[in-house]
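Q: I have a structure I would like to understand better, so I am pasting it below and will then ask my questions one at a time.
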Amino acid sequence: MAEFLLATAGVILFTVAVGLVRILGGPGDADRLMAAQLIGTGGIGALLLISAATGAHGVEDVALGLALLAAFASAAFVNSAAPAEAPDSADGR
Amino acid sequence: MTSATLAGLVGAALVGLGLYGLIANPQPLRKILAFNLMGSGVFLVFGIVARKGAGAGLQADPVPQAMVITGIVVAFAASALAVALVLRLFEAAGRATLNPDGWTEPPGDGAGAE
Amino acid sequence: MSVLQALDIGLASLVFAVATWTIFAPGAFAATVGYVVYGLLLALVWIRLFAVDVALTEAAIGSGVTGVLLIGAAARLRTAGTAGDEKPLSGLSRLFVAVLCVLVALALAGVVLLLPDQGPSLAQQSMQALPETGLGNPVTAVLIAYRAFDTMLEKVVLVLAVVGVWSLAADKYWGGAPGEARAASPEPTLAFLAQILAPLGILVGIHVFWVGADEPGGAFQGGAILAAMWIIVMMARLTEAPQTNAFWLRVALVAGSLVFLAAGVAGAIFAGSFFAYPPGFAKPVILFIEAFMVLSIAVTLPMLVAGPPRREPRQ
Amino acid sequence: MSLLVDLFSIVAIGAGVFFFLAGTVGLLRFPDALSRLHALTKADNLGLGLVVLGLLPRSESLLAALKLVAIWALVQLAGATAAQLVGRAVRRKGTAA
């Protein structure tokens, strides 16, 4: 069973890596932020699978920490790049 | 080859990469990134030292681990100071570059910079 | 080759590939996102090295808080360094630098390969003395008991970094609040996230600190998670950054180092030597110190991210 | 009993990996940033959700199981918010991104 868990962790990391190749190069900054989001989710998945397989202790807290901070890259980007006012909200959304 | 040795080799490669970026990349923010990369490479070498010191029922020697933890925090503090310096340079000189020819205003005492 | 070995090799190549991207990416923003991705992957590597405490620190500080700092800086500097400003190295000197760096990496790799299989270790001693501290996590014991002096000085470094960042402020802003005064209306999505995340994050942060006595976790990791929660609340503009001349802020910044130092001096008076904890009372003393460290870290990291004061102080 | 648990884990985690794969295929194939964002959120929701579901019966304690569920819920929240924020950033810039 441990072999299966590790293999799936490997597959998830591999698909994430393939996705990274596509979006880390852009074209836009939005795509690059998606890369951070993708590796966050995939990394947490792989982390949980690896810890279930190797029996490393206390790994749930690491995954919990990563999950708490998963949106921070996007939040920091919006916070620094957004114009001072929000013209976006004027169109009724 | 054990996973610890592999991590140590990656750490060695990261130190090389980071050193190259620190010297060859002209932009200051890129230099900060490279410096951090170099630092984490050193931490990984500490990681292998910790792993090789496994014993007494522990899977890794706790002393190098504790040093890496303080190291990560200090590295963050240093990066924060460096980033603040770069942003201040940007404010004062109009450009964030280490090349004085690129500065659009002479870096004064900073009191007038908005 | 077992599945685990294949996974390790895959992870190592992924880390190396993302690190290479960070150095050679075409733009500063792309490189910065690469670095955030790299930090996340490093947390996985630390799990594979069975250093869960380090993985937790890397996840919270190396990837989370550093990510906010660097992405914020990269987004702000987008207009800054246009390509014409910089004098890139000539091809020849690039080659020279590359050769030098490869040599450094190879030398270090040689050292790694030559390390003995069973290296010198303090694991034995750490575990032997562990019952005296009343702790169950040897890493916490190293940080707060065996090498307490290092950790105390490291807290002082954090305070010095804040002083350094603040001192970059223009004279008229000294004592004011960091960050520009911005529109009152926060980004609604971000506000929603912060409102849900903050209570949960505070719970997790305190949990991580508390279990740190016996399991992976501790003051640094718990404090960093709490710090991240204050950062997200400030980013969502649910609260303003505090004035840097606020008395409570300055007390909170130095509380960790002061309490730590006081405990060390008390050890010299009551237990015979500097940073000696009285037998039987070690664990309560350690937890007391750690609680103030958590407070200081939770205040210091957001102040480092927020940067120097940029508004005139209100009286 | 343990065979049943293993079977459950294999089915759920396998399905989760499928959604990670589907998300990546979407990232590779979709033409613009907004549809790529759409593909990405699938990996967030279902991929990790199913992996967590598969790991749930293997967790050591009730607290560990609760943490697993909390991790999934937090990733959901982060994914949804980040998708909103990134989507807005794309829209603000027009179709250029």
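The values are calculated or read from the model by the stated rules, or taken from the named source; none is laboratory data. Computed from a prediction, not measured in an experiment: that's the story for all the values here. Glycine gets a Cβ as well: all are built from the backbone with ideal geometry, and neighbour counts include every protein chain shown. Just so you know, the surface numbers come from the protein's heavy atoms only, side chains and all, with ligands and any DNA or RNA stripped out. Shrake-Rupley method; radii C 1.70, N 1.55, O 1.52, S 1.80 Å.
Q: Among the residues of the stretch B:38-54, are any among the charged types (D, E, K, R), at the interface with chain C (Cβ under 7 Å from one of its Cβ atoms), part of a helix (DSSP H, G or I) and open to solvent by 40 Å² or more (accessible area, probe 1.4 Å)?
A: Yes, there is a match, as at least one residue in the stretch B:38-54 is among the charged types (D, E, K, R), at the interface with chain C (Cβ under 7 Å from one of its Cβ atoms), part of a helix (DSSP H, G or I) and open to solvent by 40 Å² or more (accessible area, probe 1.4 Å).
Q: Turning to a different aspect of this structure: Of the residues in the stretch C:15-50, how many are more than 21 Å from C:L4 (Cα to Cα) and either touching a Pro at 6+ places or on another chain (Cβ under 7 Å) or outside any helix (DSSP H, G or I) (or both)?
A: Count: 3.
Q: Right, next: Among the residues of the stretch D:40-60, count how many are more than 7 Å from chain A (Cβ to nearest Cβ), in contact (Cβ under 8 Å) with a residue 24 or more places away in the chain, over 25 Å from D:L28 (Cα atoms) and open to solvent by 10 Å² or more (accessible area, probe 1.4 Å).
A: 2
Q: Exactly one of these conditions fails for D:L68: (1) at pLDDT below 80; (2) surrounded by 15 or more Cβ atoms within 10 Å (Cβ to Cβ). Give me its number.
A: Condition not satisfied by D:L68: (1).
Q: Would it be correct to say that C:K172 is surrounded by fewer than 18 Cβ atoms within 10 Å (Cβ to Cβ), out of contact with any strand residue (DSSP E or B) (no Cβ under 8 Å at 6 or more places or on another chain) and not acidic (D, E)? It would help to see each step written out before you state the result.
A: Details: surrounded by fewer than 18 Cβ atoms within 10 Å (Cβ to Cβ): yes; out of contact with any strand residue (DSSP E or B) (no Cβ under 8 Å at 6 or more places or on another chain): yes; not acidic (D, E): yes.
The answer is yes for C:K172.
Q: Quick one: count up the residues across the stretch C:17-61 that are more than 7 Å from every other protein chain (Cβ to nearest Cβ), open to solvent by less than 10 Å² (accessible area, probe 1.4 Å) and not hydrophobic (A, V, I, L, M, F, W, C).
A: Total satisfying the criteria: 2.
Q: Which residues, counting only those in the stretch C:132-162, are part of a helix (DSSP H, G or I) and either at positive phi or aromatic (F, W, Y) (or both)?
A: If we filter the stretch C:132-162 for residues that are part of a helix (DSSP H, G or I), which is where we start, we get C:132-133, C:138-146, C:148-162.
C:Y146, C:F149, listed by residue number.
Q: Here's something else I'd like to know. Report, ordered by the first and then the second residue, all pairs with beta carbons closer than 6 Å, sequence separation of six or more or different chains, a first member in the stretch C:1-20 that is farther than 15 Å from A:L47 by Cβ, and a second member that is modelled with pLDDT under 90 and open to solvent by 40 Å² or more (accessible area, probe 1.4 Å).
A: C:V3/A:E3; C:V3/A:A7
Q: A further question follows. (1) crowded, with 24+ Cβ neighbours inside 10 Å; (2) within 7 Å of chain C (Cβ to nearest Cβ); (3) in a helix (DSSP H, G or I); (4) of a type outside the set (K, R): which one isn't true of B:G18, the others all being true?
A: Answer for B:G18: the failing condition is (2).
Q: Is it the case that the stretch D:31-39 has a residue that's touching a helix residue (DSSP H, G or I) at 6+ places or on another chain (Cβ under 8 Å), assigned to a helix (DSSP H, G or I) and in contact (Cβ under 8 Å) with a residue 60 or more places away in the chain?
A: If we filter the stretch D:31-39 for residues that are touching a helix residue (DSSP H, G or I) at 6+ places or on another chain (Cβ under 8 Å), which is where we start, we get D:33-39.
Of the ones still in play, those that are also assigned to a helix (DSSP H, G or I) are D:33-39.
Next, only the ones that are in contact (Cβ under 8 Å) with a residue 60 or more places away in the chain stay: D:33.
The answer is yes, given that some residue of the stretch D:31-39 is touching a helix residue (DSSP H, G or I) at 6+ places or on another chain (Cβ under 8 Å), assigned to a helix (DSSP H, G or I) and in contact (Cβ under 8 Å) with a residue 60 or more places away in the chain.
Q: Looking at (1) touching a residue at least 40 places away in the same chain (Cβ under 8 Å); (2) more than 8 Å from chain B (Cβ to nearest Cβ), which is the one condition that is false for C:V65?
A: Only one criterion is unmet by C:V65, namely (2).
Q: Of everything in the stretch C:243-268, what is more than 21 Å from C:G205 (Cβ to Cβ), hydrophobic (A, V, I, L, M, F, W, C) and surrounded by 14 or more Cβ atoms within 10 Å (Cβ to Cβ)? Give them in sequence order.
A: Within the stretch C:243-268, C:L258, C:L261, C:A263, C:A266 qualify.
Q: Oh, and also: What number of residues in the stretch D:62-94 are under 19 Å from D:L50 (Cα atoms) and either basic (K, R) or not in a helix (DSSP H, G or I) (or both)?
A: So the answer is 1.
Q: I would also like to ask the following. Taking the options C:A219, C:A266, C:A246, C:A228, name whichever one is more than 8 Å from every other protein chain (Cβ to nearest Cβ) and either within 27 Å of D:A82 (Cα to Cα) or touching a Leu at 6+ places or on another chain (Cβ under 9 Å) (or both). Steps first, please.
A: Numbers: C:A266 fails: either within 27 Å of D:A82 (Cα to Cα) or touching a Leu at 6+ places or on another chain (Cβ under 9 Å) (or both); C:A246 fails: either within 27 Å of D:A82 (Cα to Cα) or touching a Leu at 6+ places or on another chain (Cβ under 9 Å) (or both); C:A228 fails: more than 8 Å from every other protein chain (Cβ to nearest Cβ).
Criteria check complete, one pass: C:A219.
Q: Facing chain A (nearest Cβ under 9 Å) and in contact with a helix residue (DSSP H, G or I) (Cβ under 9 Å, 6 or more places away or on another chain): is that true of D:L63 in this structure? Write out each step before concluding.
A: Details: facing chain A (nearest Cβ under 9 Å): yes; in contact with a helix residue (DSSP H, G or I) (Cβ under 9 Å, 6 or more places away or on another chain): yes.
Answer is yes for this residue.
Q: Taking the condition closer than 18 Å to D:T24 by Cα, free of Cβ contacts under 8 Å to residues at least 12 places away in the same chain and not acidic (D, E), does A:L38 pass? Don't jump to the end; show me each part of the working.
A: On the way: closer than 18 Å to D:T24 by Cα: yes; free of Cβ contacts under 8 Å to residues at least 12 places away in the same chain: no; not acidic (D, E): yes.
No: the conditions fail for A:L38.
Q: Go through the residues of the stretch C:220-233 one by one and say whether even a single one is out of contact with any Lys or Arg (no Cβ under 6 Å at 6 or more places or on another chain), surrounded by fewer than 20 Cβ atoms within 10 Å (Cβ to Cβ) and over 16 Å from A:F72 (Cα atoms).
A: No, the conditions are met nowhere in the stretch C:220-233.
Q: Out of all the residues in the stretch C:269-297, which are more than 19 Å from the chain's Cα centre (by Cα), within 15 Å of C:S257 (Cα to Cα) and open to solvent by less than 60 Å² (accessible area, probe 1.4 Å)?
A: C:F275, C:V285, C:I286, C:L287
Q: Looking at (1) of a type outside the set (V, I, T); (2) more than 8 Å from chain B (Cβ to nearest Cβ); (3) open to solvent by less than 30 Å² (accessible area, probe 1.4 Å), which one does C:L114 not meet, given that it meets all the others?
A: (3)
Q: Right, here's the next one. Quick one: in the stretch D:1-26, of everything that is more than 18 Å from D:A80 (Cβ to Cβ) and either modelled with pLDDT under 80 or small (G, A, S) (or both), which residue is surrounded by the most Cβ atoms within 10 Å (Cβ to Cβ)?
A: Applying the filter and picking the extreme gives D:G16.
Q: Filter the stretch B:55-77 for residues that are at the interface with chain C (Cβ under 7 Å from one of its Cβ atoms) and in contact (Cβ under 8 Å) with a residue 24 or more places away in the chain; which is farthest from the chain's Cα centre (by Cα)? Can you show your working first?
A: From the stretch B:55-77, those at the interface with chain C (Cβ under 7 Å from one of its Cβ atoms) are B:55-63, B:65-66, B:68-70, B:72-74, B:76-77; that's our starting set.
This time we only want the ones that are in contact (Cβ under 8 Å) with a residue 24 or more places away in the chain, so: B:68, B:72.
On the way: B:V68: 13, B:I72: 9 Å.
In this case the residue turns out to be B:V68.
Q: Right, another one. So, in the stretch C:208-248, how many residues would count as being in a loop (DSSP other than H, G, I, E, B) and either closer than 25 Å to C:S167 by Cα or β-branched (V, I, T) (or both)?
A: Taking the stretch C:208-248 and keeping what is in a loop (DSSP other than H, G, I, E, B), we get C:212-218, C:236-246.
Adding the requirement that they be either closer than 25 Å to C:S167 by Cα or β-branched (V, I, T) (or both) leaves C:237, C:239-246.
Number of matching residues: 9.
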